[in-house]
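Notes for the one structure printed next.
The values are calculated or read from the model by the stated rules, or taken from the named source; none is laboratory data. Because the structure is predicted, anything quoted here is derived from the model rather than measured. Heads up, the Cβs are rebuilt from the backbone with ideal geometry, glycines too, and the neighbour counts pull from every protein chain shown.
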Amino acid sequence: MPCDDAGKVTDVTQTKSTPGGRGTLYRGREGMWSWVGHRITGVGIFFFLLVHVLDTSLVRVSPEAYNAVIGAYKHPIMILGEIGLVGAIVFHAFNGLRIILVDFWKQGTRYHRQMLWAVLVLWFVTMVAFSVRHLMIFFEGWEGF
Amino acid sequence: MTATNSEATLPAQGIEAPRSGRIDPKYLRSNPSKGSFEMVAWVFMRVSGAALVVLIFVHLWTNLMVGDGIHQIDFAFVAGKWANPVWQFWDLTMLWLAMLHGTNGMRTIINDYAEKDSTRLWLKSILYLASTVIIILGTLVIFTFEPCLVDESGTLLEYAPSFCQNVVN
Ligand code: HEM
Ligand code: HEM
């Protein structure tokens, strides 16, 4: 429970953002950094999506145009870019689900911090699996520069 | 930071509910009558977010994790997917939800950082214009896509997917 004797706060959050205190749900510490990360990944994905719909629309120009542009996604530098993109999506997605739980689940505000650790662990596991698979496929079919 | 609304304090945790009347006036960007739009937008961000997890993860799985992954993606691959109405519908839903979700998120960010009224108006106009163009373009691309392209003499282009052999002739 949040308070033991003397009203000392032992739970994950504190009522007021006292100087040098532990912050609130939103300000300082994990709550704020996860928000910064959520915001940056959201903006990044948005701009990617604008470009992505434009490059996909090349299927209406000609097969050659589409294949030429999409070929760029198979360059080693772009392979790393794809890992970065997927890393951003996976973080935004898992942290987004955490935000939804904080908002709608009764115990959400109590466990928001533990849930952030769960997000980071799940993110790491997913990204290791994704990167290994993506790189393996890439090296198998790579025809050199 | 002591003027708090005790009514808005969550009983068990002692966390003040967000937006409990403590917003610094310099962050208030609109009149209160916009309240219900903001409420709908707030719910939409959560509902669309939950749907997008499934939509995008499956998109990444089918395009990057199975088959030849990144190497398989070319004109014929797209043609093969959009020959199936399920994937047409999938991409259409993903396009609309991701664009509306992203646009609303960007709107929030512009409201947060652009302090001048005129700056916000400009940035949001550009945002809405770009989003409208992308949503319409993406929708048209899905529905006007023609997989089995032929040249003037009526022979199939070499990039056409193999299932076109049975369609043309
Ligand atoms: C590197 C990762 C990605 C690759 C290689 C990729 C590839 C593709 C391909 C080949 C298509 C054509 C149709 C189809 O396959 O369904 C497509 C369409 C689409 N993708 Fe992706 N995609 C990626 C990431 C994403 C992400 C992260 C999003 C969402 C934010 C997304 C949203 C869409 C949408 C909305 C369409 C439909 C476009 C239209 O209506 O013209 N994609 N993508
Ligand atoms: C993968 C599934 C996704 C989930 C679960 C998700 C969830 C969320 C949630 C819960 C919020 C917070 C809304 C609020 O505070 O009211 C949010 C914000 C945002 N999302 Fe997503 N989202 C997803 C995908 C996307 C995509 C594809 C884009 C880009 C096209 C995007 C861009 C943004 C932006 C720009 C914000 C605003 C961030 C801010 O205000 O700090 N999200 N998302």
Check your understanding: What is the residue count in segment A:121-145 for residues that are hydroxyl-bearing (S, T, Y) and touching a Phe, Trp or Tyr at 6+ places or on another chain (Cβ under 9 Å)?
Key -> 1
**Study point:** Pairs where the first residue, in segment A:40-66, is farther than 19 Å from B:F145 by Cβ and the second is within 7 Å of ligand 1 (Cβ to nearest atom) and among the β-branched types (V, I, T), C-beta under 7 Å, 6+ apart
**Key:** A:I45/A:I89
Practice item. Please name all residue pairs, on different chains or six or more residues apart, with Cβ atoms under 9 Å, provided the first residue is in segment A:106-132 and is among the basic types (K, R) and the second residue is in a helix (DSSP H, G or I). Key: A:R113/A:R29; A:R113/A:E30; A:R113/A:G31
Practice item. Determine if segment A:34-46 includes at least one residue that is farther than 29 Å from B:I135 by Cα and modelled with pLDDT of 55 or more. Key: yes
Review point. Has segment B:63-77 got at least one residue that is within 25 Å of B:E158 (Cβ to Cβ), touching a residue at least 24 places away in the same chain (Cβ under 8 Å), outside any helix (DSSP H, G or I) and more than 11 Å from every other protein chain (Cβ to nearest Cβ)?
Key: no
Check your understanding: Does at least one position in segment A:8-23 carry a residue that is at pLDDT 80 or above, out of contact with any helix residue (DSSP H, G or I) (no Cβ under 7 Å at 6 or more places or on another chain) and of a type outside the set (D, E)?
Key -> no
**Study point:** Qualifying residues in segment B:106-145 (those that are within 16 Å of the chain's Cα centre (by Cα) and among the small types (G, A, S)) - the one farthest from the other protein chains (Cβ to nearest Cβ)
**Key:** B:S131
Review point. Looking at segment B:78-119, which of its residues are within 12 Å of ligand 1 (Cβ to nearest atom), aliphatic (A, V, I, L, M) and not in a loop (DSSP other than H, G, I, E, B)?
Key: B:V78, B:A79, B:V86, B:L92, B:M94, B:L95, B:L97, B:A98, B:M99, B:L100
**Study point:** Of all residues in segment B:125-145 being surrounded by 11 or more Cβ atoms within 10 Å (Cβ to Cβ), free of Cβ contacts under 8 Å to residues at least 40 places away in the same chain and under 28 Å from B:A76 (Cβ atoms), the one that is nearest to ligand 2 (Cβ to nearest atom)
**Key:** B:I134
Check your understanding: Mind checking which residues of segment B:129-155 are in a helix (DSSP H, G or I) and in contact with a helix residue (DSSP H, G or I) (Cβ under 7 Å, 6 or more places away or on another chain)?
Key -> B:A130, B:S131, B:I134, B:I135, B:L137, B:G138, B:T139, B:V141, B:I142, B:T144
Practice item. Grab the helices (runs of 4 or more DSSP H) fully contained in segment A:30-145, keeping just those with 2 or more residues being within 12 Å of ligand 2 (Cβ to nearest atom) and more than 8 Å from chain B (Cβ to nearest Cβ). Key: A:76-104
